[in-house]
Structures are given as structure tokens and as C-alpha cells.
Amino acid sequence: FHVAAFTTSAQNWPWYYNQFLGSGNFATNTWGPTTATLHTDHRTHPSTGRLPGTFTSSVSEWYSWSRNLRTNPDIDVLASVDPVSFPLGTDPNQSWYSGDYPIVWTNKNYRMLYANFGHNAMNYATNTPLSSTFASATQNTVLLDGLTWLGTGSTGNPGPDDPISPTAWYSLTSAANGRCADTRAAATANGTVVQQYACNGTTAQQFRFQPTDGGFTRIAARNDPAKAVDVTGVSTADNAPLQLWTYSGGANQQW
């Protein structure tokens, strides 16, 4: 947790910081400690199966790293800072205003978890805690289910029977290569291509699943929820491309 990954001298223990954790050196931090809205990147991992698409963390200071965890094929990012959190921090000179910040991840080669939360707010003059790391019941499921998985290999508590919330935002990740569904160049215009792209935690890779009729679902784009994933030209042919288009209730916009 938290400071267990902190270093400015990763070269002194490269296996731990660069290979095992994958994070390299500490880069920046937010200040002061505050809650964040976290996005659940991977909801099928045993430690995150009970999490909603987004949730509010406990109060914490947050770290960023010198290495891009998204580009490391051994690292599976499980949760990250949701863009609605920005600006993140209470000091304008030590806040984050944009970017991709993984918070919880695992290394696929080991049974391990790293979670960046764990630095609560303190009154350092009186040594008085001002918050608790365990104040978020939702965040606590990561600890409980993660420890169960780490200790026993058990998948822990399964997620709910219907885990898709029609008001939450989700990423879509390919089982084949770990890449995410993405609206090209974060555009929102009609005709914007929906493609696969390296996962980066941006709103261009977040979608909402809203039931329509007959068991079908509308997939709305976060950058413009009035737009939906649409089969171009109402085509029914193989290789028909996907795009964003203003939702009109068409069958080519329901999944």
C-alpha cells in the first residue's frame, strides 16, 4: 500500500520497483489528502469483482510514477483516477488537473496487489488523525477481497447478479489484447470512429449501458451521452464499422 512503492532510486532495487511493481520512481503527489472518484478498470479480477463502475475513495494523498503502467504487458490496472476528480488535491500548486493515474494494479506474473491509497489526513501539529483509510465501505471491498485472493487464491465474493449500473461509466477491454474501446481523438461528432486503443483511463474510453427494450442496451459515450455506439449506415454486413451517432432508437444503436 501507498508508501511501499515510494522511491526515487529505483535503480538500487530494479527487480522490485521496475519489474515487480512496474512503477519505477515516484514522480509527483497530490496535497493535501482528499477523496477521489475512482474508475474500476477491471471488474472481473477477484479483488474488484464487487466494485461499481466508479466509486468514492477514502481520503488519501495520491502518487504518480515515472513509468507508464498501461504500456507494461505484465501489469493489469484494476482502478484509476476518474477524470471527474480533477482538480485533485487541496493545494493548487500540488493538485492534478488532468492525466491518467493508476491507483490499484496487479502484476500478472505474481499473486500481488498494489493500492496507492493509505495516507490519511493528519493534523501534524497535534498528531491527530483527520480521516480514516477505511472510511469508504466500497473501497474496503478491495482490501477484503484482495486479501482473500492473496492468501488463498480464492476468487472471494462474486459480483452481483446484474453488475451493470445504467448510471455508471465503464471501460470495455478486449480479452485478446487488453486494449480498450475508444472514440477516436476523443471526438464527439456524428461519424466519430469507435476503435480499439491502448487503455489510458480517459473519458474517450468510458461508456454507459442503458437498457432499451427486449433485453437490448444503448451504449452511450461519456464525452457526449446523447451519442451512442452505432453500426455505420445501418449495415448488417460483416466488417461494418462502428461509429458514434446521435441516438434515435434505431436497431443499429442497440446491443
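The values are calculated or read from the model by the stated rules, or taken from the named source; none is laboratory data. All figures in this text were calculated on a predicted structure; none of them were measured in a lab. Virtual Cβ from ideal backbone geometry, glycine too; neighbours counted across all protein chains shown.
Return the total of residues in the range 58-91 being assigned to a strand (DSSP E or B) and either under 14 Å from Val104 (Cα atoms) or of a type in the set (S, T, N, Q) (or both).
Qualifying residue count, the range 58-91: 11.
Could you tell me whether Trp13 is surrounded by fewer than 19 Cβ atoms within 10 Å (Cβ to Cβ), assigned by TED's automatic domain parsing to the domain that holds Gln94 and not polar (S, T, N, Q)?
In short, yes.
Condition first: of a type in the set (Ser, Thr, Tyr), touching a helix residue (DSSP H, G or I) at 6+ places or on another chain (Cβ under 7 Å) and part of a loop (DSSP other than H, G, I, E, B). Can you find one or more residues in the range 108-130 that meet it?
Yes, because at least one residue in the range 108-130 is of a type in the set (Ser, Thr, Tyr), touching a helix residue (DSSP H, G or I) at 6+ places or on another chain (Cβ under 7 Å) and part of a loop (DSSP other than H, G, I, E, B).
Under 6 Å by Cβ, and 6 or more places apart or on different chains, what pairs join a residue from the range 1-23 that is more than 19 Å from Leu143 (Cβ to Cβ) and touching a residue at least 12 places away in the same chain (Cβ under 8 Å) with one that is small (Gly, Ala, Ser) and part of a helix (DSSP H, G or I)?
Listed pairs, sorted by first residue: Tyr17/Ala10; Asn18/Ala10; Ser23/Ala5.
Filter the range 56-96 for residues that are free of Cβ contacts under 8 Å to residues at least 12 places away in the same chain and in contact with a strand residue (DSSP E or B) (Cβ under 8 Å, 6 or more places away or on another chain) and give the result.
The one that is free of Cβ contacts under 8 Å to residues at least 12 places away in the same chain and in contact with a strand residue (DSSP E or B) (Cβ under 8 Å, 6 or more places away or on another chain): Pro87.
Is it fair to say Asn116 is surrounded by fewer than 21 Cβ atoms within 10 Å (Cβ to Cβ) and either of a type outside the set (D, E, K, R) or closer than 19 Å to Ala27 by Cβ (or both)?
When the stated conditions are applied, Asn116 does not pass them.
Please go through the range 53-69 and give me each residue that is modelled with pLDDT under 95 and surrounded by fewer than 20 Cβ atoms within 10 Å (Cβ to Cβ), ordered by number.
Selection gives Thr56 alone.
When the residues of the range 222-250 are narrowed to those that are among the hydrophobic types (A, V, I, L, M, F, W, C) and touching a helix residue (DSSP H, G or I) at 6+ places or on another chain (Cβ under 8 Å), which ends up surrounded by the most Cβ atoms within 10 Å (Cβ to Cβ)?
Among those that are among the hydrophobic types (A, V, I, L, M, F, W, C) and touching a helix residue (DSSP H, G or I) at 6+ places or on another chain (Cβ under 8 Å), it is Ala228.
If Thr148 satisfies every condition in (1) modelled with pLDDT of 90 or more; (2) touching a Ser or Thr at 6+ places or on another chain (Cβ under 6 Å); (3) within 24 Å of Arg70 (Cα to Cα) but one, which is the exception?
Tallying (1) modelled with pLDDT of 90 or more; (2) touching a Ser or Thr at 6+ places or on another chain (Cβ under 6 Å); (3) within 24 Å of Arg70 (Cα to Cα), Thr148 fails exactly one: (3).
Give the range 187-241 a look and list any residue that's of a type in the set (S, T, N, Q) and within 16 Å of Leu172 (Cβ to Cβ), or say none.
Thr192, Gln195, Gln196, Asn200, Thr202, Thr203, Gln205, Gln206, Gln210, Thr217, Asn223
Within the range 22-46, how many residues turn out to be at pLDDT 95 or above and farther than 19 Å from His119 by Cα?
Residues meeting the conditions: 2.
Would you mind telling me which numbered condition in (1) of a type in the set (Val, Ile, Thr); (2) surrounded by fewer than 18 Cβ atoms within 10 Å (Cβ to Cβ); (3) out of contact with any helix residue (DSSP H, G or I) (no Cβ under 9 Å at 6 or more places or on another chain); (4) closer than 28 Å to Ala137 by Cβ Val84 fails?
All conditions pass for Val84, except number (3).
Have a look at Thr217, Thr202, Thr173, Thr232 and point out the one that is β-branched (Val, Ile, Thr) and more than 28 Å from Ser85 (Cβ to Cβ).
Thr232
Confirm whether Ala186 is out of contact with any Phe, Trp or Tyr (no Cβ under 8 Å at 6 or more places or on another chain), at pLDDT 85 or above and outside the structural domain of Gly49 (by TED's automatic domain parsing).
Yes.
Which of (1) within 24 Å of Leu69 (Cα to Cα); (2) surrounded by 18 or more Cβ atoms within 10 Å (Cβ to Cβ) is the odd one out, the single condition Ser136 does not satisfy?
It fails just one condition, (1).
Would you mind stating whether Thr203 is surrounded by 12 or more Cβ atoms within 10 Å (Cβ to Cβ) and in contact with a Pro (Cβ under 7 Å, 6 or more places away or on another chain)?
Yes.
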